[in-house]
Amino acid sequence: MNDLPTIILNNGVSIPSIGMGPGILGYSARDSKSYTNPLCQFSYRVYNKICRYPKLVNNYVNAIINSFHVGFRLIDYSSSYGDGTLIGKAIRKSGIDRNTLFLTTRISNQVQWQGNIRECLFQQLKGMNTDYIDLLMFHWPVTNVYVDTWKEMIKLYKEGYCRALGVANCHQHHIEKLMEVADIIPAVNQFEVHPLFTQKTLISYCRNLGIQVESYTALARMDDRLFRLPSLKNIAKKYNKTVAQIVLRWHIQNDLIPVVRSLNPKRQMENISIFDFKLSSDEMEEIDGININARVRYDPDNCDFTIL
Ligand SMILES: NC(=O)c1ccc[n+]([C@@H]2O[C@H](COP(=O)([O-])OP(=O)(O)OC[C@H]3O[C@@H](n4cnc5c(N)ncnc54)[C@H](OP(=O)(O)O)[C@@H]3O)[C@@H](O)[C@H]2O)c1
């Protein structure tokens, strides 16, 4: 592991304090059209088609390699983004020692319905060219099936295929349900958090159980309601940082592990250069106060799992 600060999970495993999520190949959160583009809903048919565009694939793979160069070690992935081969390709091409990385993947909703949890993990392992995943999660608590998914994940954990188990997009009631049926408490809950949506109650619920929170969409996808705020611009100016760096630093000082997506080398470097300054408690409070309970992604209690 490089000198990035780390956090110890409830099973003793060490995890980097910030993650890079390359996301779906060919998808850009900047391009608002891609939100509604059906091609962005993952399917292997579509994925294989997109993989035929070498420029797109090379950009994606090179962006992952660059994220290693600037210091990212936690890669956040999901079987709903692809089969893992592009992550494997980036690892191979970069020459980085796999054991210095913290590879995360998630069980997609489709796989949960099909019940092929084991096959899905094995496919991800094959794609990434590794024999273990550092953190295995499910992508969404899909109604009626996520508890069974969790039980299958526990078997895989006990067999040594993953070093830690986590969940994503879980409210308190989802976690309570898992604890009723299983003897393992998730090490991580990954859900949407940023200054427009601070999720204090859920964070403290997780913290009390020793569940580490990973905050996704950590930059609120550069939402104008956040990035145009004069208060944030002023704080950024004071530290000679960008607003994105101030927001990511706010995550770190809240003991969250932000997961951020950028395929751009300059912005990747920017996103990881947040460990050389500290926000004051007044500034932390000021940023907390931005909260307007606004999600930019989906509410797990009110969404269509078939399109996620
Ligand atoms: N578990 C889940 O259900 C779930 C859901 C959503 C997301 N996630 C995870 O979280 C990751 C990030 O989420 P996200 O993509 O929704 O949101 P995000 O990281 O808040 O925003 C990504 C967008 O911000 C831009 N950006 C990144 N750094 C920047 C910077 N320093 N300055 C200016 N623009 C910057 C990126 O563009 P460029 O690439 O052009 O820099 C991209 O368009 C995903 O890749 C995924 O791994 C998980």
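Descriptive notes on the structure:
- Point-to-point label distance, residue 293-residue 52, nm (Cα→Cβ direction, 7 Å offset): 4.8 nm
- Environment charge of residue 171, counting only residues whose C-beta is closer than 12 Å and scoring Lys/Arg +1, Asp/Glu -1: -3
- Probe 1.4 Å - accessible area at residue 233, Å² to nearest ten: 100 Å²
- Over 22 Å between alpha carbons, listed pairs 233/266; 49/155; 93/155: 49/155; 93/155
- Between residue 148 and residue 208, the modelled label-to-label distance comes to 3.2 nm, taking each label 7 Å out from Cα in the direction of the beta carbon.
- Accessible surface of residue 145 - all protein chains present, 1.4 Å probe, nearest 10 Å²: 30 Å²
- Spin-label model distance (nm) - residue 118 vs residue 253, 7 Å beyond Cα toward Cβ: 4.9 nm
- Amide H contacts under 5 Å for residue 78, placed H, 5+ residues apart: 106
- Counting only heavy atoms of the protein chains and using a 1.4 Å probe, residue 9 has close to 10 Å² of accessible surface.
- Relative to one another, the C-alpha centroids of the range 247-274 and the range 140-208 are positioned 23 Å apart.
- For residue 168, residues with placed amide H under 5 Å, excluding near neighbours: 138, 190
- For residue 284 and residue 228, the difference between the fully extended length at 0.36 nm per residue and the C-alpha to C-alpha distance is 18.4 nm.
- Taking Cβ atoms as reference points and 12 Å as the exclusive limit, the residues near residue 98 contribute a net charge of -1, counting Lys and Arg as +1 and Asp and Glu as -1.
- In the chain, helical runs assigned H by DSSP with n ≥ 4 each contribute -39500 (n - 2.57); averaged across all residues and rounded to the nearest 500, the mean residue ellipticity at 222 nm is -12000 deg cm²/dmol.
- Net length gained if the chain between residue 179 and residue 70 were fully extended (0.36 nm per residue, minus Cα distance): 35.4 nm
- Shown is the FRET efficiency for residue 62 and residue 303, computed with R0 = 30 Å from the Cβ-Cβ distance and rounded to the nearest 0.05: 0.35.
- Relative to the compact-globule estimate of 2.2 N^0.38 Å, the Cα radius of gyration of the chain comes out at 0.95.
- Accessible solvent surface per residue of the range 7-307, calculated while the other protein chains remain in place, 1.4 angstrom probe, Å²: 44 Å²
The values are calculated or read from the model by the stated rules, or taken from the named source; none is laboratory data. As the structure is a prediction and not an experimental result, all values here were calculated from the model. For neighbour counting, all protein chains shown are included, and Cβ atoms are generated from backbone atoms with ideal geometry for every residue, glycine included. When the accessible area is computed, the model is the full protein with side chains, heavy atoms only, and any ligands, DNA or RNA have been set aside. Shrake-Rupley method; radii C 1.70, N 1.55, O 1.52, S 1.80 Å.
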